[in-house]
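Have a look at the structure below, then the notes.
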Amino acid sequence: MPVVHRLLMLCLWAALLAASGVLVSVPAKAQSCSLSITPLVFGDVDVTANAQVNAMATATVSCTGSALLPVGVCIELGPGTGGGTSAANRTLANGANQLNYGLFSDAAASVPWGSGAWPAGGASAVGFNLALSLSGTGSQSTTIYGRVYSGQATAAPVTYTSTFSGIDARIRYGLLSFLLGCDLLTVTQSTSFMVSANVPATCRVTTSDLSFGSVGVLSAPHDAFTTLAPTCTNGTAYQIGLNGGLSGAADPTLRRMTKGSEIVTYGLYRNTARSQPFGNTLGVDTLAGMGTGLAQTSFIYGRVPAQATPSPGAYIDTIQATVTY
């Protein structure tokens, strides 16, 4: 029975200490906290669509220490390597190219996420009190909301990044409540994470109908024009082609408008003199340009040459415009 004997002796020793007025206590465990943050990835951002793009990351704080004691924690996010004029107007960068975004503590992007180490950011750190369990451990996760702003149509099609590390991605923690102020939490721990966005090369084109109006007799050429507006990311080379219409005309100057089995021949051109046909053979009869990120106005010039006049009525054709980039 040696085990029982030792247990009895231990109990007797503790009882004797208590009877003699000696205070027995368990030493407090030192607190230790760590921070991890997942990458914040905006993915593909079509700046020509002129719409904001949102993304999220997760910051997790894990602590150990004395059971049931709360730990005050503040998460501080600085400007990152991309910099920024404020917490709501940070910068993702690729060389001299920049893309503006903000980091926030709410999904509505109304409360910027800052740092006491970055006064110019104009925003506070995000804090909370973390209660440890009976085992002296605890963790809490918080969402970081990111927003790339609209109105950046001229951004170049490259990948943009900003890296957070050291003082730009850290926690301050201690035994005091965070409500008393983050500056009173004197222990710090850093991590690193990246914010990224990719602006892909993108093009779209809009067109307007072309009408030759009402023509009595086709004894002389009749001209008309319309517009098309390509929108391509800044620095993106493109070509716009027009197909042969419903008749599949191989010659851009011999397209056909039809009414039943009757036809009116016409052509589409890239210049006012109607000397440069507008077709869909790349590098030959397409319209070439370079994107700026904004809509660019171009023209389609049409001509109905003199020809035998068919019966009265509406003659139509449908042309498909394609932008290649």
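The values are calculated or read from the model by the stated rules, or taken from the named source; none is laboratory data. None of these values were measured; they are calculated from a predicted model. All Cβ positions, glycine included, derive from the backbone under ideal geometry; neighbour counts span all protein chains shown.
A few remarks follow.
- Criterion: closer than 30 Å to Ser165 by Cβ, modelled with pLDDT of 90 or more and in a loop (DSSP other than H, G, I, E, B) - qualifying residue of Gly80, Gly43: Gly80
- When residues of the stretch 16-40 are limited to those that are modelled with pLDDT under 75 and among the β-branched types (Val, Ile, Thr), the one farthest from Thr58 (Cα to Cα): Val22
- Qualifying positions in the stretch 225-241 - out of contact with any Leu (no Cβ under 6 Å at 6 or more places or on another chain) and not hydroxyl-bearing (Ser, Thr, Tyr): Phe225, Leu228, Ala229, Pro230, Cys232, Asn234, Gly235, Ala237, Gly241
- Scanning the stretch 68-114 for residues that are surrounded by 15 or more Cβ atoms within 10 Å (Cβ to Cβ), over 17 Å from Val195 (Cα atoms) and touching a residue at least 40 places away in the same chain (Cβ under 8 Å) yields Leu69, Pro70, Val71, Gly72, Val73, Cys74.
- Condition check for Thr322: under 21 Å from Leu246 (Cβ atoms) and surrounded by fewer than 19 Cβ atoms within 10 Å (Cβ to Cβ): yes
- Screening the candidates Arg147, Arg172 for the property of being of a type in the set (Lys, Arg) and either out of contact with any Ser or Thr (no Cβ under 6 Å at 6 or more places or on another chain) or farther than 24 Å from Gly84 by Cβ (or both) yields one hit, Arg147.
- Restricting Phe178, Phe212 to those that are under 30 Å from Gln307 (Cβ atoms), of a type in the set (A, V, I, L, M, F, W, C) and over 29 Å from the mean Cα position of the chain (by Cα) reduces the list to Phe212.
- Pairs meeting the criteria (first residue in the stretch 50-62 and farther than 30 Å from Tyr173 by Cβ and assigned by TED's automatic domain parsing to the domain that holds Arg147, second residue in a loop (DSSP other than H, G, I, E, B) and modelled with pLDDT of 95 or more, beta carbons under 7 Å, at least 6 apart or on different chains) are Asn50/Ser150; Asn50/Gly151; Asn50/Ala153; Ala51/Ser150; Gln52/Tyr149; Gln52/Ser150; Val53/Val45.
- Single condition Asn129 does not satisfy, out of (1) modelled with pLDDT of 95 or more; (2) closer than 30 Å to Leu68 by Cα; (3) of a type outside the set (Phe, Trp, Tyr); (4) out of contact with any helix residue (DSSP H, G or I) (no Cβ under 7 Å at 6 or more places or on another chain): (4)
- Of the residues making up the stretch 118-144, those that are within 18 Å of Gly82 (Cβ to Cβ) and surrounded by 17 or more Cβ atoms within 10 Å (Cβ to Cβ) are Trp118, Gly121, Ala123, Ile144.
- Residues in the stretch 175-215 that are within 29 Å of Tyr101 (Cα to Cα) and free of Cβ contacts under 8 Å to residues at least 12 places away in the same chain: Gly181 only.
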